[in-house]
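The values are calculated or read from the model by the stated rules, or taken from the named source; none is laboratory data. Everything quoted here is computed from the prediction, not taken from an experiment. No Cβ is skipped: glycine too gets one built from the backbone with ideal geometry, and neighbour counts run over all protein chains shown.
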């Protein structure tokens, strides 16, 4: 693909989250969240026994970090407020937590960065988890109250808000495959959690609309949702059963959220199939009206890899849970072996074209896209700089497909790279590095730009995406 130019008003930024960067986990009145609790209970579960405590030292270094982002030509940054830092155990605003985020946002603005704020990034306060977590309607309503308080605390500082990051991930990681605390494997519970998160999202959007009508926000404030979208593919000559696997994979992971944020409803065909397999959702009278309030102003699309599926070999797993698809190994797949994910830049184009066709009024931006590599120290030159040409290739190829999607009618407004500065990443801690800037754990979390940082500066400031020969 040849060099392409992105629109002049296309924005470039950085994506990060509170629980993965802030550290200061027990300071300023912050309560434990599930990552803190898991770190305290079983530190050996984390790569190199690096738990949630330090993040990437962002609390102490945010002025330096925002200056690095600006020096790369970036104009915006997305992070999250931690529920466990902003509110106390009684659900009241924690003054130290509020002051923390006022300082943080002021620092970003002083650097010339617009701040996008997400309200939830997998970091349930532990005391609320012990009251039932997302399985409890009381906790769902507590989240709506938290959102309302955040809007009123920061409405004059922040215009771009998001209710959830990747709301499909907790149902999957905590309750379907059971790799995250509390290590449950219950498909029906996972779908119930997914449904209740939709109710929580819709209630928060309602609170946003109320706050906006009261003049809480500056002009132009917007509300959205961010999800990781995985365009589904199957074999070249699919059977009817293969196509059914695609339908349900797409329905649960993608259309579920797209219908919610554009139509205020969930895909009926998916709900009917789930019910036919014994999956019951915790639907209450009045929920239909709540979901109708969940439509958003725009969407964040996290894109890392596609999903390749085929007809399942069995109807149920060892636990009796339904199986709707098995993995399909595409023989031409190019893999990032550090992460175990397929690298398929065309998927971001295919997703944009699907939105253009099926949800034509929906604006979106690439809210995360990145490449995690293990043992990056092996790629340092004599000066100690990481020579991450592989990351430049990854970003360039995705941006070329983004530019093509825009040229073909997709309403893509910007691109945020995950994560511009290496950060702590859940169970994997610092195993796979995503950053354009290295965080050196052996030198007090010091920052060192990688080769990709200067490449990003060129693209972000010119909006020209070069072809490979020009790198």
Here is a check on your reading of the model: is residue 317 over 30 Å from residue 433 (Cβ atoms) and at pLDDT 95 or above? no
Hits in region 318-348 - residues which are over 20 Å from residue 236 (Cβ atoms) and free of Cβ contacts under 8 Å to residues at least 24 places away in the same chain: 318, 320, 323, 337, 340
Would you be able to say whether some residue in region 310-329 is farther than 28 Å from residue 188 by Cβ and surrounded by fewer than 19 Cβ atoms within 10 Å (Cβ to Cβ)? yes
Kindly indicate whether any position in region 331-343 is in contact with a helix residue (DSSP H, G or I) (Cβ under 6 Å, 6 or more places away or on another chain) and buried (at least 16 other Cβ atoms within 10 Å of the Cβ). no
Of the residues in region 264-304, how many are in a helix (DSSP H, G or I) and either on the phi > 0 side of the Ramachandran plot or free of Cβ contacts under 8 Å to residues at least 24 places away in the same chain (or both)? 9
Within region 183-218, can you find the residues that are under 25 Å from residue 428 (Cα atoms), out of contact with any helix residue (DSSP H, G or I) (no Cβ under 6 Å at 6 or more places or on another chain) and without any contact (Cβ under 8 Å) to a residue 12 or more places away in the chain? 183
Looking at region 365-391, which of its residues are farther than 15 Å from residue 339 by Cβ and crowded, with 23+ Cβ neighbours inside 10 Å? 365, 366, 367, 386
Please note which helices (runs of 4 or more DSSP H) are completely contained in region 88-178 and include at least 3 residues that are touching a residue at least 60 places away in the same chain (Cβ under 8 Å) and under 21 Å from residue 219 (Cβ atoms). 137-154
Residue 79: surrounded by 21 or more Cβ atoms within 10 Å (Cβ to Cβ) and in contact (Cβ under 8 Å) with a residue 60 or more places away in the chain, yes or no? yes
